[in-house]
Every structure is written in structure tokens, then in C-alpha cells.
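The values are calculated or read from the model by the stated rules, or taken from the named source; none is laboratory data. Please read these numbers as outputs of a predicted model, since none were measured by experiment. Note that each Cβ is placed from the backbone with ideal geometry, even for glycine, and that neighbours are counted across all protein chains shown. Heads up: the accessible areas ignore ligands, DNA and RNA and are worked out on the full protein's heavy atoms, side chains in. Shrake-Rupley method; radii C 1.70, N 1.55, O 1.52, S 1.80 Å.
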Amino acid sequence: MLPRTSVGEGRWTAGQAEADGAASPVRLGMASYTFRNFSRAQLIGFLKELNIDQLNPKDAKDHLPQDPAAEAQAVADYQAAGIHLHAAGAIYFQQATEEDVRSRFEYLQRAGIPVMVAGDPTPQTLPLVEKYAKQYDIKVAIHNHGPEDKLWPSPLDILKDIQGMDARIGCCIDVGHTVRAGTDVVKAVHAVGPRLFNMHMKDLTDFHDKGSQVAVGDGKMPVREIFAALAAIRYPGYVDLEYEVHADDPIPGVTKSFAYMRGVLTGMGYAVQAT
């Protein structure tokens, strides 16, 4: 499938010429929540099949348990398979106490993971989160959850509450939830800029309907413009596919999504490893 054309495409002629042969500045990864109905061993097999070695695991099934011994075994399994854990989450602060918040950072420190995708820290919890982000030197990417999220439906809402905080406190832009919140996701990437630590990629056929998720490339998401914005801000993190539909048989949609994203990057002139 060829990359979609869209408004602003005129920017691409020069950009593509400059990118020819260069390694892609947009790095693709996987959110393990996509395979939440499958074991860690099956997840590793799927990643190898997809030629993906970058994972954002979550404490679902046995993907990255919070029990220290079980977590150590999971990390060893990923290392043996050549899979790098670049972020983890979403992680929730259920009690929002000092002990609870610290335990989340210890969980990532044990696994050697540099970015925490945080699901629900409240503004009142943020000082504690900031304290331990500095102590453990772990970046915190607060995840927006769309119009249902009363605190942070959009990355722009997160920015309002983290202005002036330590540079390790930032955002995970979920592109699907962002557009459902009525926010231009490309503008949000530029606005968040250096505080963007992780991205969850998905596609929708209707920007008002959470249930309209489809394989990336089959919906309306401006993937090419998003990738261009990430390149423009020199985003150092990963774009993690979070394919939340067809949980019992996600591989067809996941395969199609990676093929499309790789095709977009190739169309922009970048050298991209294919499956």
C-alpha cells in the first residue's frame, strides 16, 4: 500500500531528497498490551516474526511482572531473544503514597528501563513522581487518555501541569486518544517537543469513535505528517504500535500496520529494515 497523500504534502519533495539513503529518525517499537491475551513466550515469537526488537512491556499476562524474581526472569528472556526494553507501561499509581510511587521506579530500575509510561498520576501526585524521577534518573511519560480522561485528555493538558517541573517529566502521546480529544496531533508533537518521551501509534476511521480503531493505514491518522513532526523535533524515543482491537488474533492487523509505517518511512526517503 502506498503512503496516503494529504495536506502539506508539498513539504515532502525537499525533505525526501534530503532523506534519501539515511537511516530513519523514526524508530518503531511494540506496546506489549497489543498481545495482552498471549504469554511472554508467544509475544517474543511474534516480535521475531515481525522483525521488531524494541518493546514497551506492561504488567499484563507475564510480560513484565512486578514481582522481582519473576521480573528478572522476564528481563533475561527478552535479553536472550535480543529484545530491548526501552519503556514500560502504562503504569498506574493506585495508592499514590510515597511507598507506592517509589515502588514503580524500583520496578523500572531493576529492569534497566529508562522511560516510565505513567497512566494516572494526579497533579497532587506529581511532586512525588518528580522526586523519584530525579532520584532514579528515569523519565516519566504521562499518557493522555482522550475525552474520557478528566485530568489529561490531550498532551496539551499534560503540558499545562508539568511546566516548570524537572525535564524528566514529560508526555507519552497516544495519537488515537489525542485526536479524539479534538487536538491536532501534529501540532501536539511540536508543542510537547523535548518533553516527548514515548508515542503510542494507532489509527481510527472516525476521530470521534474509540471503537473505530483499525490497522494503521486503514484509517484517517496523518501518519506521514506525524513522522515528519517527530523528525523535525529530533524525537529520540520510539513509536510503539498499540493495536487494541482483535485481541485474540492481532497479528494480521499488526503486520499490516508495520508494513504501512515502514512504507511511509521508505516513501519519505529513509532506509528502513523490512520484514
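Return the sequence-ordered ³J(HN,Hα) values of segment 83-91 in whole Hz as given by the Karplus equation 6.51 cos²θ - 1.76 cosθ + 1.60 applied to θ = phi - 60°, using x for Gly and Pro.
Whole-Hz 3J(HN,Hα) from phi for segment 83-91: 9, 9, 9, 9, 7, 9, x, 6, 10.
Given H placed on each backbone N at 1.01 Å, which residues far from Asp174 in sequence or on other chains put an amide H within less than 5 Å of it?
Residues meeting the criterion, in which the H sits 1.01 Å from N, are Asn144, His200.
I'd like the accessible area for Lys139, computed on protein heavy atoms only with a 1.4 Å probe and all protein chains in place. Round to 10 Å², please.
80
With the full set of protein chains in place, find how many percent of the accessible area of segment 54-147 is carbon and sulfur; take the probe as 1.4 Å.
Result for segment 54-147: 47 percent of the exposed heavy-atom area is carbon or sulfur.
Scan around Val140 for amide H atoms under 5 Å from its own, H built in the peptide plane at 1.01 Å from N, and keep only partners 5 or more places away or cross-chain.
Met116, Ile169, Gly170
At 7 Å along the Cα-to-beta-carbon direction for both Asp77 and Gln42, put a label point, then send me their distance in nm to one decimal.
Going by the 7 Å Cα→Cβ label model, 1.2 nm.
Which whole-number percentage describes the relative contact order of segment 168-275, with Cα contacts under 8 Å and a sequence gap of 6 or more?
Answer for segment 168-275 is 25 percent.
Convert 20 °C to kelvin, take the viscosity as 1.002 mPa s, use the Kirkwood radius over C-alpha pairs of the chain as Rh, and evaluate the Stokes-Einstein diffusion coefficient in µm²/s, rounded to a whole number.
Answer from the Stokes-Einstein relation: 113 µm²/s.
Quick one: Karplus J couplings for segment 68-75, per residue in order, coefficients 6.51, -1.76, 1.60, θ = phi - 60°, nearest Hz, x for Gly and Pro?
x, 5, 5, 5, 4, 5, 4, 4
For each pair in Lys187/Lys210; Lys58/Lys139; Lys187/Lys220; Lys131/Lys160; Lys48/Lys210, compute the distance between the two Cα atoms and list the pairs where it is over 23 Å.
Check vs 23 Å cut-off fails for Lys48/Lys210.
So what's the back-of-envelope 222 nm ellipticity for the chain, counting only DSSP H runs of four-plus at -39500 (n - 2.57) apiece and dividing by all residues, rounded to 500?
-11500 deg cm²/dmol
For segment 104-118 and segment 26-58, compute the distance between their C-alpha centroids and round to whole Å.
18
Could you give each residue of segment 205-222 its phi-based ³J(HN,Hα) in whole Hz, using Karplus coefficients 6.51, -1.76, 1.60 with θ = phi - 60°, and x for Gly or Pro?
With coefficients 6.51, -1.76 and 1.60, one gets 8, 9, 6, 10, 10, 4, x, 9, 5, 9, 4, 4, x, 9, x, 10, 5, x Hz.
Would you grab the residues whose amide H sits under 5 Å from the one on Ile91? Only those 5+ places off in sequence or on another chain, please, with H modelled 1.01 Å from N.
For Ile91, the qualifying residues are Val117, Ala118, Gly119.
Tell me the per residue accessible area of the chain using a 1.4 Å probe; a whole number in Å² is fine.
42
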